[in-house]
Every structure is written in structure tokens, then in C-alpha cells.
Amino acid sequence: MLGKPVDRERALVLLALALPLAAAGCASALPNQAGTGSASDATARITVGVGATKGYVSQAIVHRWVAADIVRFDLSLADAQAPGTVVASTSVPARGGQAEAMFSHLRAGHRYLVSILALGNVGATARMPLQTLDTQTATTVELDFTAAQNLADALQATASVTLDSAPFAGSLTIDANPPAGTATVSASLFDAQDPAHLLDAQTFGGSPGAIVFHGLAAGVSYLTALTAYQDSDRGVEIATASAAPFSFDPQATDLSTTAAEAASRWSPWQLASPSR
């Protein structure tokens, strides 16, 4: 533990993401920094957990941050009356997304704010550089020792660290082999939950080839529809095809940004016969 022990002038702040750990870090707030007020044997316990994961957002790659990626927690203690003034700080290792930390020499009759940062990398790999994993949502905990009556000698609070959402943009390739006599093929992309809403459309020549749709989101079920035309101005339809519904799994921690599907067999376009 950092700092000089002082009898009857200490407070304990415990952090746990799920279950207590034996390993712990500690730090002290200096008496002349932590503010005025009478000494107390107050303790404050903070339980911290990882909240609902944000998953993926559009535009980039593949790994979603999870609790197992956290290498350590950085904690900063500030006077609530001057939030930018840090009076003590500590870093504690996280094992499996769990940690404990301790602050001592806090003052009764005072309010403090603890700011928490989660640092890590993919798989909590020790040899890899660390980055802050919760930049999008700040995590703070208030420790309030100002109760005028029945001064509590033990406080308990909870905090939920929200790990950042991971950028994602998928590409779906549809292999198509249009029938003989095809001059033009059109390809359309739809959301399976809203098939009336066209998301993307492409037109290409009648030779066999691959159709690629870019910028797809995780967790959306996509439908594709192909139409073969006899002429270049898409006047006469001769056949249609489609691909099975496809989605990038939003529950996956590591998610590939590319996928390929084969189009179904082409079905001849049936013209309506004149009534007799």
C-alpha cells in the first residue's frame, strides 16, 4: 500500500468486475490534499462490472472488446469540489476482467470522485501495447463521506465499465453465372426485415462473375435478387436468381469482414399468357 499509515484515518475502496480477487493494488491520498474534515474509520466498497457490450458499428474491422481483453484498470481519485485535481491514483492488474484496488487516508465530511479506465488489447496479451478500451463512455464513482447524521463508516457503490464499440463493415460476394443470351445482369440488396427497401443495386455485363456488396452491418439479415436481361437497356427479362439470406453474426467476438455466397439456379422468366 502506498502512503504512510495513520491510525483512525483511512478508507478502503474495493473494485471488483465480478468476484473478489486476492491480488490488489493500493494508493493513499495525502491528508493535506484530500481536504479538511475529521478523521474516520470509514470504508467505501465499489463493485465494478462490464455492462452490455456495444458490439459493432459501421466502417472498419473485426474484434469486439470483451472483459477478457482488459490487462489493468487505472483509477484516479479527485476532490469532488475540484474534479480536475487528482489527489491519488493507482493501477491494478485485471485477471479475467476482475480486480481490486485500495485508497487510504480519506477524510470524513468530504466527497470524492473516482475515475476508472480499462486498458488492454486483444486477448490481454502482455507483450502487446495497451490501449484504453472505454474511451466512448466515462466511468466514475462518487464516494460521499458528508452525511451530517449517522455518519456511515462503510460505503458501497457499483460501477459498470462500458467497453467501446468496435468498427465493422462487411463485404458480401455473390457468385453468379447468368444463362446464355444474357446481355445485362442487375443485382439488388435488401434487408430481409424490410424487403421493400432497396439498400444497393448494381448492373454489370452478362459474363459470369462476382457481385460484391460493401459496407454491410453486423446482425442484419440480407437478401439479394438477380435479374438477367436480354438487352443492355434492361428491357426484356429472361431469368432470375437469388442468394440465401445472410448475416454477419453480431454475437461473435472476432468477426470476419468478408463472406461469399452462391446464387441459386437461374429460373426462366415466365411471361403471362394472353387470356382466351
If I ask for residues that are surrounded by 18 or more Cβ atoms within 10 Å (Cβ to Cβ), aliphatic (A, V, I, L, M) and under 16 Å from residue 67 (Cα atoms), which ones from the range 118-141 would you list? 118, 119, 124, 133
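Residues in the range 205-215: is at least one under 30 Å from residue 67 (Cβ atoms) and in contact (Cβ under 8 Å) with a residue 60 or more places away in the chain?
Taking the range 205-215 first, the residues under 30 Å from residue 67 (Cβ atoms) are 215.
Keeping just the survivors that are in contact (Cβ under 8 Å) with a residue 60 or more places away in the chain gives 215.
Yes, the range 205-215 contains at least one residue that is under 30 Å from residue 67 (Cβ atoms) and in contact (Cβ under 8 Å) with a residue 60 or more places away in the chain.
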Identify the residue in the range 52-78 that is modelled with pLDDT of 60 or more and among the aromatic types (Phe, Trp, Tyr) and, among all such residues, is surrounded by the most Cβ atoms within 10 Å (Cβ to Cβ). 73
Cβ contacts < 6 Å: first residue within 30 Å of residue 117 (Cβ to Cβ) and touching a residue at least 60 places away in the same chain (Cβ under 8 Å), restricted to the range 163-183; second residue surrounded by fewer than 17 Cβ atoms within 10 Å (Cβ to Cβ) and of a type in the set (A, V, I, L, M, F, W, C), any location; separation 6+ or different chain. Result? 165/57; 167/57; 167/60
Return the only residue of 225, 243, 201 being part of a strand (DSSP E or B) and in contact (Cβ under 8 Å) with a residue 40 or more places away in the chain. 243
Of everything in the range 79-101 that's among the hydrophobic types (A, V, I, L, M, F, W, C) and open to solvent by less than 50 Å² (accessible area, probe 1.4 Å), which residue is nearest to the chain's Cα centre (by Cα)? 94
The range 163-191, subset open to solvent by 30 Å² or more (accessible area, probe 1.4 Å) and not in a strand (DSSP E or B), residue modelled with the highest pLDDT: 183
In the range 137-162, what residues are under 28 Å from the mean Cα position of the chain (by Cα) and at pLDDT below 85? 156, 157, 158, 159, 160
Against the definition (of a type in the set (Phe, Trp, Tyr), free of Cβ contacts under 8 Å to residues at least 60 places away in the same chain and surrounded by 14 or more Cβ atoms within 10 Å (Cβ to Cβ)), how does residue 145 come out, yes or no? no
If residue 255 passes every condition in (1) free of Cβ contacts under 8 Å to residues at least 12 places away in the same chain; (2) out of contact with any Ser or Thr (no Cβ under 7 Å at 6 or more places or on another chain); (3) closer than 30 Å to residue 166 by Cα but one, which one does it miss? (1)
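The values are calculated or read from the model by the stated rules, or taken from the named source; none is laboratory data. These numbers come from a predicted model, not from an experiment. So basically every Cβ, Gly included, is an ideal-geometry build from the backbone, and we count neighbours across all protein chains shown. Just the protein is used for accessible areas: all its heavy atoms, side chains included, with ligands, DNA and RNA removed. Shrake-Rupley method; radii C 1.70, N 1.55, O 1.52, S 1.80 Å.
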